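One structure is given below, encoded as structure tokens.
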There are 4 protein chains.
Amino acid sequence: MSVKKNFYSDNVSGAAPEILAALLAANTGDTAPYGADPTTEGLQARFAELFETDVEVYPVGTGTAANGLCASIVAAPYGAIYVSDAAHLHGSECGGAEFWSGGNARTIPVPSTDGKIVAAELARMVDEAVARPATEVPPRAISITQGTEASTVYTLSELRALVEAARARRLWVHMDGARLANAVARLGCTPAEATWKAGVDVLSFGATKNGALAAEAVVFFDRELARTMRYRRRRGGHLFSKMRFLSVQLEAFIENDLWLRNARHANAMAQRVREGLAKIPGVRFRSPTEINFVLVNLPQPVWDGLVADGYSFSRRGAPAEGIVRIACAFDTTEEAVDALVETAHRHARARQEAW
Amino acid sequence: MSVKKNFYSDNVSGAAPEILAALLAANTGDTAPYGADPTTEGLQARFAELFETDVEVYPVGTGTAANGLCASIVAAPYGAIYVSDAAHLHGSECGGAEFWSGGNARTIPVPSTDGKIVAAELARMVDEAVARPATEVPPRAISITQGTEASTVYTLSELRALVEAARARRLWVHMDGARLANAVARLGCTPAEATWKAGVDVLSFGATKNGALAAEAVVFFDRELARTMRYRRRRGGHLFSKMRFLSVQLEAFIENDLWLRNARHANAMAQRVREGLAKIPGVRFRSPTEINFVLVNLPQPVWDGLVADGYSFSRRGAPAEGIVRIACAFDTTEEAVDALVETAHRHARARQEAW
Amino acid sequence: MSVKKNFYSDNVSGAAPEILAALLAANTGDTAPYGADPTTEGLQARFAELFETDVEVYPVGTGTAANGLCASIVAAPYGAIYVSDAAHLHGSECGGAEFWSGGNARTIPVPSTDGKIVAAELARMVDEAVARPATEVPPRAISITQGTEASTVYTLSELRALVEAARARRLWVHMDGARLANAVARLGCTPAEATWKAGVDVLSFGATKNGALAAEAVVFFDRELARTMRYRRRRGGHLFSKMRFLSVQLEAFIENDLWLRNARHANAMAQRVREGLAKIPGVRFRSPTEINFVLVNLPQPVWDGLVADGYSFSRRGAPAEGIVRIACAFDTTEEAVDALVETAHRHARARQEAW
Amino acid sequence: MSVKKNFYSDNVSGAAPEILAALLAANTGDTAPYGADPTTEGLQARFAELFETDVEVYPVGTGTAANGLCASIVAAPYGAIYVSDAAHLHGSECGGAEFWSGGNARTIPVPSTDGKIVAAELARMVDEAVARPATEVPPRAISITQGTEASTVYTLSELRALVEAARARRLWVHMDGARLANAVARLGCTPAEATWKAGVDVLSFGATKNGALAAEAVVFFDRELARTMRYRRRRGGHLFSKMRFLSVQLEAFIENDLWLRNARHANAMAQRVREGLAKIPGVRFRSPTEINFVLVNLPQPVWDGLVADGYSFSRRGAPAEGIVRIACAFDTTEEAVDALVETAHRHARARQEAW
């Protein structure tokens, strides 16, 4: 395999070898379908151990499904979910909250800085909505993305302040942890500290972006919230008949800290990208790089040059902003990063010489 | 691996070796996420070839998702879907039609015999509903399960009669083909004859029950119907980021007729089960065995004996009916069937001797 | 005004004079909109007095809205509502339960006799559904129509048995009281005995069929259930800006027992119709006549003759059954009933003579 | 009746005498229920005449219902509706678009000035959404409020530019005409010019704010859009059984230009309020006063003084903005306006003297 040139997303990678091995090992003999198999049932204990508390775990196929199911539950019977204006749940899931709730949830975007919202603004918006009861969807929950869509991480104290503002207003707390591994790796805290100890009620636990083939999980810390989950997951088409094939991915993902090792590596590679590009004149970073990708404005010739050389990135924000996302994954090598950086420098120099 | 004793479902099996091999082969190098990869894009041509016509193919993770998406589309903007009273979509998906449509679809059960409904009854019910326009959900579609939940198959002329009644009333025609392979194998017709040539507009194409790990597809013969599909699939959490892993399963599934070979084998095994059990006094079959499972009343001692010996089956219908479903899969061996039959006979004899 | 010949529905009548007078009296001066006016606020006390307990009352415009709102609340966050197979909510509201709940409610029809369901059948169906948790919408509520769509009334002991079966299964109890007045008049009990004392949690309280112009109310006996009601009513378009015009109708309706006087009269008129028709050979009643309408098979010449003479009725059931509903209202006079009966007899005699 | 001090809303008024007279006149004899009466059927011709084209008219009880039904139809089968960020449909109906569509509609707020949006911004936002097809709800419609929530009116050329941008992107055009009468009165154009001739497909036609008791109408210019309307209205609880009582209000409303006469008067009164207040130091108007209300910042002592003297207004915007809405209605007299203005001046003078 040649050196990676595809930095479009952490999803361009395949599956980690440990995950694939687990999948193959699972294909022996018959087992109960629809999640009644021993691996799936065993996940409850594995995740309880990981999070140091009793939980209910429901494997699903995608992060959008995890978020949508959570949204439908925390907004139930009917209400608004306050989210960052950069939240995937709000802007990238084709109206998932409305869909999964049957029109009973609305996401309300809260202005963010570097992908993060703050308690004071949340409090102000919720209080205003409550004061106009015959006009606004009633506030019911917040959804916090950790790590954020801007490559940042809420510190534990930022997180606690946000949760406190929410709880004071009787809002449920959902965490979109599509990149929770990267956040925990960055914070150096325990998974428990990053979630329920900070007041999170239910978590979308991501694995696909970090080495799984296709497996995410909804983890309930408040088990009362899980009451309708098995029915909801079923009708939503995420009760896989051969569920064990999802469960073994999740099992392998958390075994021996694979998830954190993968995340630490991806984070470090993004840091390496950032440091490498920082010296290029005209490069402007758009947010701190605290997890596994870099948001940056590149000089046009550098961008053009990289694309001409076969590199892939994605754009973020409105086209006019010219923001490039450079995403690293569990399998991004130092060699690949260095090649990328070097190529960028070469194009930058070419431009300068041309002047 | 020991001889199969688990006849609970065709879903208790793992993945076929060809499918697993394809999955492994796909895990090399990076590729575009969210279905923009060459394999997924290539599926369009593969399925067009299979069905001898232009189609649009959308891989999804489960049959419930495939059915739900189809239901939301054929009932749109708002309407009723007429189904067999045995239909999975009606009774086994926790309200999937209502969910996927946001309360805009209702399934209306039509009385069935051996899992099949007939044109005259469909016509009568639809006509009555239309005559009461301010009270009934407006009829919009039918959904036909082929092969049925009762192990039977609509003949092509039965199918055409049903479609004709539907079309005369301007109803869309959905086919739930969770076991389409088994039906096509039974009918000995082409996939085209079994579907669009008979008037089917959109198909839930099943693979998981017949050898895939987790992969189904929605196949649009009427491409105008597909207009909102990519959005709907996204918000429903079935646009997998690493989509190629679903697509390679589907590709391998239809390559070299694997799907039909698997289905023919499973059908034959069910036939073998039936023939083997037929000689036991008190055994009463509940429907013809035209595809890969047997619906049967077993004498209580036979059932109890088989369970005591480690066999698994599922129940169908109300508990009082005592119906057992014995399901065969692509990997059910003759040896396993013969062992099952022999064990049943042994318990039957034991009973007789006990008298 | 000529003698009434329109027995199509209790809705063909206009408004009772007391209601109209109240409406006119309300059109003086300005007042707070959206139900913040004194009349609407005063309804709470009026209904508390009527029902001898604290309640929350929400005026709405139609019975379908009242039922739909209740359905969305008792099924929340997601679940099935068990209803009679004759229930208006199930078959006459174009999928209202699914709509108001956003696809989160499904009505499950329970077989009925004379419009009534019994506890044992309810219990059996709910227990079976619960035993199949990954396939059925989870049971959450029952909805009982009192008086029924078949002109009958649940006795208080029938009602209590039904409620007991529901409560034992943790189901909410909704009563569709579109004709509650007629039922209470028939039973001779108090409104409290007919509702919350029998275990009803929330009631659709009907007025329009019994003398109002357009006014119904949702009455919550379990006030916790009402938590989202004001938001739901608003988005559903039933928070009328000039709400007082609905509220004064309801106020006048319950004042001085107008509702019961109107109902007693309508019931008596239906009884008079029944007695008058009973003597005609070939007349076959389809259910007891306990409230304000008669379900009957008329000899074809009698029906044809009545229609030729300008009479209107509605049909019930499938066309082949030939069932006529003859509905009486608060303003149906004895003179009108006698004229109807006499005309029917005349056509019956004409047929006999023609033979 | 004393002089009006309630300027809280145009909804604090009762019904116009012509409307009430029509209501009373309708209460004679029986008639077909559910809109099959001659008055309701005759509305089709009346509105066709009013709008100089074939239309389909559906009376409903409230503006929220009219808007919600329209939203569910123009967004169908699934899509986004672009609206002004001040739109009632977006911010004042408790999530009505999501509700009526079952989660299949999302309102997307477009930044507005004086309550109006412009074609260029609409075009930019829609084009960006379409360019990101796997993330955004697909654009399907715009909804234009005429007159706006800021007391302004789109000129016919502004309206046409907006519609042109929408049509070029294949979007349906809905007009929220809760105050269409006031807009038409202001523009001095025909109802046809204000609506379908400018490209409007479906209209929420308001009457309640302008003299009706409780009656609005949905008017379809594109009759294909109306296909599911009768079913939707039924399940939404807006097919009133005694529909004629709504229809006669609408009939009287448009007869002899009552609607325009009422609107002209209310507009003139708002103008008179504005002119009267303009001379008070510190008064700052927040938008042009083109229809029947004034948005204004009053000096605190003026506001306090008016409230102390028994006047009522509503607030608009965030509390910190201190915006007062002073609403005039069909029955606001010159005398009442002059008394208001004079009282405001008195409090303003008192403040100055106190200094």
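Quick look at the values:
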| read-out | value |
| --- | --- |
| Within the stretch C:196-236, tally of residues that are among the hydroxyl-bearing types (Ser, Thr, Tyr) and within 9 Å of chain D (Cβ to nearest Cβ) | 2 |
| Subset of the stretch D:218-245 (residues that are of a type in the set (A, V, I, L, M, F, W, C) and open to solvent by less than 10 Å² (accessible area, probe 1.4 Å)) | D:Val218, D:Val219, D:Phe220, D:Ala226, D:Met229, D:Phe240, D:Met243, D:Phe245 |
| All positions within the stretch C:237-256 that are within 9 Å of another protein chain (Cβ to nearest Cβ), outside any loop (DSSP other than H, G, I, E, B) and of a type outside the set (D, E, K, R) | C:Phe245, C:Leu246 |
| Count of the stretch C:45-56 residues which are out of contact with any Lys or Arg (no Cβ under 8 Å at 6 or more places or on another chain) and in contact (Cβ under 8 Å) with a residue 24 or more places away in the chain | 6 |
| Options D:Glu335, D:Glu353; residue that is in contact (Cβ under 8 Å) with a residue 60 or more places away in the chain and not aromatic (Phe, Trp, Tyr) | D:Glu335 |
| One residue from B:Ala168, B:Ala214, B:Ala181 being open to solvent by less than 10 Å² (accessible area, probe 1.4 Å) and at pLDDT 95 or above | B:Ala181 |
| Condition check for C:Arg227: assigned to a helix (DSSP H, G or I) and touching a helix residue (DSSP H, G or I) at 6+ places or on another chain (Cβ under 6 Å) | no |
| Selection count, the stretch A:105-116, where residues are open to solvent by 10 Å² or more (accessible area, probe 1.4 Å) and more than 13 Å from D:Gly95 (Cβ to Cβ) | 6 |
| Where a residue in the stretch C:309-322 is within 11 Å of chain B (Cβ to nearest Cβ) and its partner, wherever it lies, is open to solvent by 30 Å² or more (accessible area, probe 1.4 Å), with Cβ under 6 Å and at least six apart | C:Ser314/C:Tyr8 |
| Odd one out for C:Ala123 among (1) open to solvent by less than 10 Å² (accessible area, probe 1.4 Å); (2) more than 10 Å from every other protein chain (Cβ to nearest Cβ) | (1) |
| Count of the stretch D:179-222 residues which are within 14 Å of D:Leu69 (Cβ to Cβ) and in a loop (DSSP other than H, G, I, E, B) | 1 |
| So A:Arg351, is it farther than 29 Å from A:Pro17 by Cα, among the basic types (Lys, Arg) and within 17 Å of the chain's Cα centre (by Cα) | no |
| Selected residue (only one of B:Gly206, B:Gly199 is surrounded by fewer than 22 Cβ atoms within 10 Å (Cβ to Cβ) and in contact with a Lys or Arg (Cβ under 7 Å, 6 or more places away or on another chain)) | B:Gly199 |
| Residue among A:Gly79, A:Gly42, A:Gly29, A:Gly102 that is more than 20 Å from the chain's Cα centre (by Cα), open to solvent by 10 Å² or more (accessible area, probe 1.4 Å) and in contact (Cβ under 8 Å) with a residue 24 or more places away in the chain | A:Gly42 |
| Subset of the stretch B:152-165 [open to solvent by less than 10 Å² (accessible area, probe 1.4 Å) and touching an Asp or Glu at 6+ places or on another chain (Cβ under 8 Å)] | B:Thr152, B:Val153 |
| Every residue from the stretch C:281-297 that is touching a residue at least 40 places away in the same chain (Cβ under 8 Å) and part of a strand (DSSP E or B) | C:Phe293, C:Val294, C:Leu295 |
| Residue in the stretch D:38-80 that is nearest to D:Asn11 (Cα to Cα), counting only those that are out of contact with any Pro (no Cβ under 9 Å at 6 or more places or on another chain), of a type outside the set (A, V, I, L, M, F, W, C) and part of a strand (DSSP E or B) | D:Pro59 |
| Test result for C:Val137, in a loop (DSSP other than H, G, I, E, B) and either surrounded by 18 or more Cβ atoms within 10 Å (Cβ to Cβ) or within 13 Å of another protein chain (Cβ to nearest Cβ) (or both) | yes |
| Residues located in the stretch D:185-196, provided they are closer than 15 Å to D:Glu290 by Cα and either basic (Lys, Arg) or crowded, with 24+ Cβ neighbours inside 10 Å (or both) | D:Ala185, D:Arg186 |
| Tabulated pairs, the stretch B:192-208, first closer than 18 Å to B:Glu158 by Cβ, second of a type in the set (Gly, Ala, Ser) and in a helix (DSSP H, G or I), C-beta under 7 angstrom, 6+ apart or interchain | B:Ala194/B:Ala183 |
| Among (1) open to solvent by 40 Å² or more (accessible area, probe 1.4 Å); (2) assigned to a strand (DSSP E or B); (3) among the basic types (Lys, Arg), the one test that C:Arg132 misses | (2) |
| Residue tally, condition of a type outside the set (Gly, Ala, Ser) and in contact with a strand residue (DSSP E or B) (Cβ under 7 Å, 6 or more places away or on another chain), over the stretch D:232-288 | 12 |
| Single unsatisfied condition, A:Ala48 versus (1) open to solvent by less than 50 Å² (accessible area, probe 1.4 Å); (2) facing chain B (nearest Cβ under 10 Å) | (2) |
| Residue within the stretch B:119-139 that is at positive phi and either without any contact (Cβ under 8 Å) to a residue 12 or more places away in the chain or of a type outside the set (A, V, I, L, M, F, W, C) (or both) present | no |
| Search result, residues across the stretch C:142-173 that are part of a strand (DSSP E or B) and either within 14 Å of chain B (Cβ to nearest Cβ) or charged (D, E, K, R) (or both) | none |
| Residue ID - farthest from the other protein chains (Cβ to nearest Cβ), chosen from residues in the stretch C:87-97 that are buried (at least 24 other Cβ atoms within 10 Å of the Cβ) and outside any helix (DSSP H, G or I) | C:Ala87 |
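So that you can scan it fast, the table gives a plain yes or no per residue for (1) under 20 Å from C:Asp10 (Cβ atoms); (2) in contact with a strand residue (DSSP E or B) (Cβ under 6 Å, 6 or more places away or on another chain):
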residue: C:Glu128; (1), (2): no, no
residue: C:Ile142; (1), (2): no, yes
residue: C:Gln146; (1), (2): yes, yes
residue: C:Glu158; (1), (2): no, no
residue: C:Gly177; (1), (2): yes, yes
residue: C:Pro191; (1), (2): yes, no
residue: C:Val200; (1), (2): no, yes
residue: C:Ser204; (1), (2): yes, yes
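The values are calculated or read from the model by the stated rules, or taken from the named source; none is laboratory data. Quantities reported herein were computed from a predicted structural model and do not represent experimental measurements. Backbone-built Cβ (ideal geometry, glycine too); neighbour counts: all protein chains shown. With ligands, DNA and RNA removed, areas are computed over all heavy atoms of the protein, side chains included. Shrake-Rupley method; radii C 1.70, N 1.55, O 1.52, S 1.80 Å.
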